[in-house]
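Working notes, beginning with the structure itself.
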Amino acid sequence: MQHRIVKKIEKINYYLTLLDSYKDDCKKRFLNDPMYEGALLHYLYLVSDGSISLAEMVIKYKNFESPQSYYEAIDILGENGILPREFAYDFAKIASFRNFLAHDYEKIDYLVICEDVLAKLGEIKRYLHYIEEKIDL
């Protein structure tokens, strides 16, 4: 299981690297290039879904209680000291974002994606760091 956790972290880091390269001229490209829009939203989905999958893997690896929702998966990591509680509470919103990308993508506001979401990629990097630190990978 530890090997799978490491591989998941590597994949998420790869997607984050790609997303970092998508920050330049985001607003202009989002509006004018449907391939850019699709790729950006796809990688955001993969990062958010991967982050939740990673939480579920850690929960299984550590034999914590099973989550009933994506949100709860992140919350359980906070309750068990893998993530700081405050961070877990805020980061759990990634579950809503993942669901939004999966189901309500027609309602995407490019300004929110380009200005707010891409600015928060560092939160995912912090999340990965906390897990690596507490799981001793």
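Bear in mind that the values in this text are calculations on the coordinates, not laboratory data. These numbers come from a predicted model, not from an experiment. Neighbour counts run over all protein chains shown; Cβ positions are idealised from the backbone, glycine included.
Taking the conditions (1) touching a Gly at 6+ places or on another chain (Cβ under 9 Å); (2) under 20 Å from residue 23 (Cβ atoms) in turn, residue 47 satisfies each one other than (1). Residues that are assigned to a helix (DSSP H, G or I), under 17 Å from residue 111 (Cα atoms), touching a Lys or Arg at 6+ places or on another chain (Cβ under 6 Å) and of a type outside the set (Val, Ile, Thr) occur in region 27-45; there is at least one. The sole residue among 9, 74, 82 that is in a loop (DSSP other than H, G, I, E, B) and of a type in the set (Val, Ile, Thr) is 82.
Yes or no, residue by residue, for (1) in contact with a Pro (Cβ under 8 Å, 6 or more places away or on another chain); (2) over 30 Å from residue 26 (Cβ atoms); (3) touching a residue at least 60 places away in the same chain (Cβ under 8 Å):
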| residue | (1), (2), (3) |
| --- | --- |
| 45 | no, no, no |
| 50 | no, no, no |
| 58 | no, yes, yes |
| 66 | no, yes, no |
| 101 | no, no, yes |
| 117 | no, no, yes |
| 124 | no, no, yes |
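Would it be correct to say that residue 112 is β-branched (Val, Ile, Thr), part of a helix (DSSP H, G or I) and crowded, with 20+ Cβ neighbours inside 10 Å? In short, no. Cβ-Cβ under 6 Å, sequence separation 6+ or interchain: first residue in region 1-24 and among the hydroxyl-bearing types (Ser, Thr, Tyr), partner assigned to a helix (DSSP H, G or I). Which pairs? If the second residue must be assigned to a helix (DSSP H, G or I), the pairs left are 15/43; 15/46; 15/47; 22/40. Test residue 14 against the stated conditions and say whether it is surrounded by fewer than 21 Cβ atoms within 10 Å (Cβ to Cβ), among the hydroxyl-bearing types (Ser, Thr, Tyr), part of a helix (DSSP H, G or I) and more than 13 Å from the chain's Cα centre (by Cα). The answer is no for residue 14. Looking at 127, 89, 61, which is the one that is assigned to a helix (DSSP H, G or I), buried (at least 18 other Cβ atoms within 10 Å of the Cβ) and of a type in the set (Ser, Thr, Tyr)? So the residue among 127, 89, 61 that is assigned to a helix (DSSP H, G or I), buried (at least 18 other Cβ atoms within 10 Å of the Cβ) and of a type in the set (Ser, Thr, Tyr) is 127.
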